[in-house]
Amino acid sequence: MGRRPDPAGLQELKGNPGKRRKTGALPPAQPGMIEPPTKLSDAGRDVWERLAPELVRMNFLRQTDAHAFARYCDAVVRYWKVSEELRKAGETYTSTSAHGELQRINPLFVVEERLAKRLESLEDRFGLNPAARQTIMLRLSQTQPQLPLALPKGEAAGETGEAAGREMEVAPSPIGILSRPERLN
């Protein structure tokens, strides 16, 4: 069976005297710390500014993910541009040849499909769809023995007992997204 691990607070105070690799979740990222790459387009930066703060808050996005997330933002912008052009031009066009008139698939349709597949793949990595969020949260729950779903208001600030009140406050964790009224999707 082995020894039971010390509580997280006590482990934090002890530090890491043995210099062993620590298991468990990474410390939460600080909101606002992650800057988009400078080469990201203005439209891509708008997508970044809309999505990144929530992903950082849920601990799904870190500085090391900045370039991958920038590719996602760029792909979103390109997808919507191609979709708009396709809407105007139509999914097929008529061409004439020695065999007569033929209906052909617009090449933009193929580009749109490829971008959609790329976006699906990146959305899964960043938890931007419900199934991916559940999978990521499941993995996080397996690395952290106790994930707080909610803390009584005031308890987070150090108050205890009746002074803390009965009202609950959502903890800043990936699980907290489940109890919030607004959702990403």
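Let's see how each residue does on (1) modelled with pLDDT of 90 or more; (2) assigned to a helix (DSSP H, G or I); (3) among the β-branched types (Val, Ile, Thr); (4) surrounded by 12 or more Cβ atoms within 10 Å (Cβ to Cβ):
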site	(1), (2), (3), (4)
112	yes, yes, no, yes
118	yes, yes, no, yes
145	no, no, no, no
148	no, no, no, yes
154	no, no, no, yes
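Taking each residue of region 2-13 that is more than 18 Å from residue 143 (Cβ to Cβ) and looking for partners that are in a helix (DSSP H, G or I) with beta-carbon atoms closer than 8 Å, six or more apart or interchain, yields nothing. Taking the numbered list (1) under 30 Å from residue 134 (Cα atoms); (2) touching a helix residue (DSSP H, G or I) at 6+ places or on another chain (Cβ under 6 Å) in turn, residue 108 passes all entries but (1).
Could you tell me which residue of region 60-70 is nearest to the chain's Cα centre (by Cα), considering only residues that are at pLDDT 90 or above and exposed (fewer than 15 other Cβ atoms within 10 Å of the Cβ)? If we take residues in region 60-70 being at pLDDT 90 or above and exposed (fewer than 15 other Cβ atoms within 10 Å of the Cβ), then 68 is nearest to the chain's Cα centre (by Cα).
With respect to residue 46, is the statement that it is touching a Gly at 6+ places or on another chain (Cβ under 6 Å) and over 18 Å from residue 136 (Cβ atoms) true? So residue 46 fails the test. Based on what the data block shows, is residue 57 at pLDDT below 90, among the charged types (D, E, K, R) and under 30 Å from residue 7 (Cα atoms)? Yes. Across region 17-43, which residue is surrounded by the fewest Cβ atoms within 10 Å (Cβ to Cβ) among those that are in a loop (DSSP other than H, G, I, E, B) and modelled with pLDDT of 75 or more? It comes out as 38.
The values are calculated or read from the model by the stated rules, or taken from the named source; none is laboratory data. Note that the structure is predicted; figures quoted are calculated from it, not measured. When we count neighbours, we look across all protein chains shown, and the Cβ atoms used for this are built from the backbone with ideal geometry, even at glycine.
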